[in-house]
1. Helix 3-42 versus the longest principal axis of the chain: what is the Cα-based angle in degrees, 0 to 90, to the nearest 10?
2. Using a simple spin-label model with points 7 Å from Cα along the Cα→Cβ vector, what separation in nm is obtained for Val53 and Phe37?
3. I'd like to know how the chain sits against the 2.2 N^0.38 Å rule of thumb: what's its Cα Rg over that expected value?
4. Grab the alpha carbons of the stretch 1-45, take their convex hull, and tell me the volume per residue in Å³.
Amino acid sequence: MEIDTLVRLTTEGLLLCLYVSMPVVAVAAVSGIIVSFVQAITSMQDQSISYAVKLVAVIATILLTSTWGAASILRFANEVVTIAVPS
């Protein structure tokens, strides 16, 4: 395996990790901001509300995007094995 191929696969792997994790991180951030805003307006200072809403939102996002993420990771793994172990 050449250096150029190794660098390309490493770059693709890191970008794939970013793309697969981005929906979950974005939903957690947005739901946290919304809950904090609602808590500031209503003067509720209970921390368990924020955690519960984020937990439900993140689990729903994982359930919705898991097939896409798994397919992307499997496609990348097949590409790596094909390049690493030539026929």
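Rule-based calculations on the coordinates, nothing more; no lab input. Note that the structure is a prediction, hence the values are computed from the model and not measured. Here the Cβ is made from the backbone with ideal geometry for all residues, glycine too, and neighbour counts use every protein chain on show.
1. Helix 3-42 sits at roughly 10 degrees to that axis.
2. The modelled label-to-label distance comes out at 1.0 nm.
3. Details: Rg = 19.1 Å, N = 87, 2.2 N^0.38 = 12.0 Å.
For the chain, the normalised Cα radius of gyration comes out at 1.59.
4. Values: hull volume 2.8 nm³, N = 45.
Once divided by residue count, the hull of the stretch 1-45 is 61 Å³.
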